[in-house]
Amino acid sequence: MSDRQAVEQTVHLYVEGMAFGNEAALKKAFHPKSSIIGYYQNAVEWLTRDEFIAAILSEEPAPPGTQPYMDIQSVDVEGDAASVKVTDDFAGMRFTDYLSLLKIDGRWTIVSKLYHLHL
């Protein structure tokens, strides 16, 4: 598998983990020290991975068999660093996420998520 494919696989893991409230998938996709940042309800939201996962799990998951909306617009990989722009839906809201990934011990993991909530 190429690095680009492995990065995209991590993004799929993240989006599907979010859509279906899969805590294990989200923990696998995000580094324990990752940060999730954006404007939510007119205030800057700055979350740890565990705070983000708790927020995800507090929402109703998508029904089984649902195909989560995900549009990967760009993937840039340079050595052990990668950047992805992806638009996805969660809990009736549409987000554009800018994900920074780092290859650690041979595995791509999200170290930062900067998001925009579409209104």
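The values are calculated or read from the model by the stated rules, or taken from the named source; none is laboratory data. Keep in mind the model is a prediction, meaning the values are calculated, not measured. Counting neighbours? That spans all protein chains shown, and the Cβs are built from the backbone with ideal geometry, glycine included. When the accessible area is computed, the model is the full protein with side chains, heavy atoms only, and any ligands, DNA or RNA have been set aside. Shrake-Rupley method; radii C 1.70, N 1.55, O 1.52, S 1.80 Å.
A few remarks follow.
- Using a probe of 1.4 angstrom and keeping all protein chains present, the accessible surface of region 1-101 works out to 57 square angstrom per residue.
- The chain, relative contact order [Cα under 8 Å, separation at least 6], %: 27 percent
- Estimated vicinal HN-Hα couplings, Hz - region 48-63 in sequence order (Karplus 6.51, -1.76, 1.60; Gly, Pro = x): 7, 4, 5, 5, 4, 4, 4, 5, 4, 5, 7, 9, 6, x, 5, x
- Computed over protein heavy atoms with a 1.4 Å probe, the carbon and sulfur contribution to the accessible area of region 3-118 reaches 50%.
- Along its first, second and third principal axes, ordered by size, the chain spans 36, 33, 25 Å in Cα coordinates.
- Amide N of region 58-99 lying under 16 Å from the label point, which is placed 7 angstrom from the Cα of residue 4 along Cα→Cβ: 72-86
- About its Cα centre, the chain has a charge dipole of approximately 180 debye under the convention of +1 per Lys or Arg Cβ and -1 per Asp or Glu Cβ, with nothing else charged.
- In order along region 70-86, phi translates into HN-Hα couplings of 8, 10, 7, 8, 7, 9, 10, 10, 9, x, 9, 10, 8, 9, 10, 10, 9 Hz, rounded to whole numbers, per the Karplus curve 6.51 cos²θ - 1.76 cosθ + 1.60 with θ = phi - 60° and x for Gly and Pro.
- Structure-based [θ]222 nm, the chain - -39500 (n - 2.57) summed over DSSP H runs of at least 4, per residue, nearest 500: -8500 deg cm²/dmol
- Computed over region 28-69: relative contact order in percent, which uses C-alpha pairs under 8 Å that are six or more apart: 29 percent
- Placed amide H near residue 90: partners under 5 Å, 5+ positions off or other chain: 95
- Between 0 and 90°, nearest 10: helix 3-20 axis offset from the chain longest Cα axis: 20 degrees
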